[in-house]
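One structure is given below, encoded as structure tokens.
Bear in mind these aren't lab numbers, they're just calculated from the coordinates by the rules spelled out. Keep in mind that what you see is a predicted model, and the values were worked out from it rather than measured. All Cβ positions, glycine included, derive from the backbone under ideal geometry; neighbour counts span all protein chains shown.
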Amino acid sequence: MEKLFTRAKTDVFVELEDRAQIANKAKADLFISIHCNAAGKPVLIKDAKTGKKRPKMYKNKKGKMVVVETTNPVPFGTETYVMGLKNEEGKMRVATRENSAILYEDNYEKKYGGFDPESLESYIIMSNYTSAYVIQSASLAMKIQEEYARKAGRIDKGVHRQSIWVLWRTSMPSILTEIGYLTNPLEETF
Ligand SMILES: [Zn+2]
């Protein structure tokens, strides 16, 4: 089996769209996105007015108020994602996080045709997703999860569907797998 890496020898950020196109141009049989997970939790501060604890907030570049987070050592386990529609409020956590890598790219508004990874409405463009490879992708994802538990003694947190850009844009069976949490000391060591 021939393997092609999107980051061959250097650890330089490759734009999400380019990751998909590298696989498409090579007419790859399979696309595997290998990730390390991370968990956060809100930083709590004492509110000056009420005296009660509340999450610390800051205004991001786009002027949106977001919660300041610190690392959370508790969450652990492996999960694998296949492209799928679960674009209801509250079920977009993973898709939003994964696709938000786009925000680090220069010129992302133009490159992604106005797609905003943090806005639920943006995901409408993915809603006509049909793929000949859904069954193959899901079957591989399930096998990988089984092997994590059986061979590597990892915790299996299952196969899930999410609207992830690189899975949407690849024209072959494709999966994204989270091999464990770097924020969990035991999994980081492993
Ligand atoms: Zn990830």
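By DSSP, what percent of the beta bridges with both residues in the chain are antiparallel, rounded to the nearest 5? Provide the component values of the computation, followed by the final result.
Working: 12 of 23 bridges.
Bridges in the chain are about 50 percent antiparallel.
Which angle from 0 to 90°, rounded to the nearest 10, does the C-alpha axis of helix 16-25 make with the longest principal axis of the chain?
For helix 16-25, the angle is close to 0 degrees.
Note the angle between two axes, namely the Cα long axis of helix 134-150 and the longest principal axis of the Cα atoms of the chain, as a number of degrees from 0 to 90, rounded to the nearest 10.
Value to nearest ten degrees: 70.
Using a Gaussian network model of the chain with C-alpha springs under 10 Å, which one of Gly63, Gly114, Gly158 is most mobile by mean-square fluctuation?
With Cα springs under 10 Å in the chain, the top fluctuation among Gly63, Gly114, Gly158 is at Gly63.
Return, for the Cα atoms of the chain, the radius of gyration and Dmax in Å, separated by a comma.
Calculated on Cα positions, Rg and Dmax stand at 18.2, 63 Å.
If you take the square roots of the eigenvalues of the alpha-carbon gyration tensor of the stretch 106-189 and sort them as a ≥ b ≥ c, do you get rounded (a/c under 1.5), prolate (a/b over b/c) or oblate?
On the way: a/c = 2.87, a/b = 1.54, b/c = 1.86.
Because a/c hits 1.5 or more and a/b fails to exceed b/c, the stretch 106-189 counts as oblate.
Straight-line reach from Lys91: which aspartates and glutamates have Cα under 14 Å away, leaving out those fewer than 8 places along the same chain?
The qualifying aspartates and glutamates are Glu118, Glu121.
Do any chymotrypsin sites (Phe, Trp or Tyr not before Pro) in the stretch 1-54 lie in a DSSP loop with no more than 15 other beta carbon atoms within 10 Å, and if so, which? Present the calculation step by step, with values, prior to reporting the outcome.
Values: sites: Phe5, Phe13, Phe31; in loops: Phe5, Phe13.
Sites meeting the loop and neighbour criteria: Phe5, Phe13.
Considering the convex hull of the alpha carbon atoms of the stretch 14-125, report its projected area averaged over all viewing directions, in nm², one decimal. Before the final figure, lay out each step's value.
On the way: hull surface 38.9 nm².
Directional mean of the projected Cα hull area for the stretch 14-125 stands at 9.7 nm².
What does the charge dipole of the stretch 13-127 about its Cα centre add up to, to the nearest 20 debye, if the Cβ of each Lys and Arg holds +1 and the Cβ of each Asp and Glu holds -1? Show your work: numbers first, answer last.
Values: 20 positive and 16 negative charges, 168 e Å.
Rounded to the nearest 20 debye, it is 800 debye.
I'd like the Karplus ³J(HN,Hα) series for the stretch 75-83: coefficients 6.51, -1.76, 1.60, θ = phi - 60°, whole numbers in Hz, and an x wherever there's a Gly or Pro.
Each residue's phi maps through the Karplus curve to give x, 8, x, 10, 9, 10, 10, 10, 5 Hz.
Where in the chain is the longest stretch that carries no GluC sites (Glu not before Pro) classed as loop by DSSP and with at most 14 other Cβ atoms within 10 Å? If you can, show how the numbers build up before the last one.
Working: sites that count: Glu2, Glu88, Glu89.
The longest uninterrupted stretch comes out as 90-190.
So which lysines can Lys25 reach, going by Cα to Cα under 20 Å and dropping same-chain residues fewer than 8 places off?
Answer for Lys25, where 20 Å is the Cα cut-off: Lys3, Lys9, Lys111, listed by chain and number.
Quick check: Cα centre of the stretch 21-71 to Cα centre of the stretch 98-121, how many Å?
Here the two parts' Cα centres lie 15 Å apart.
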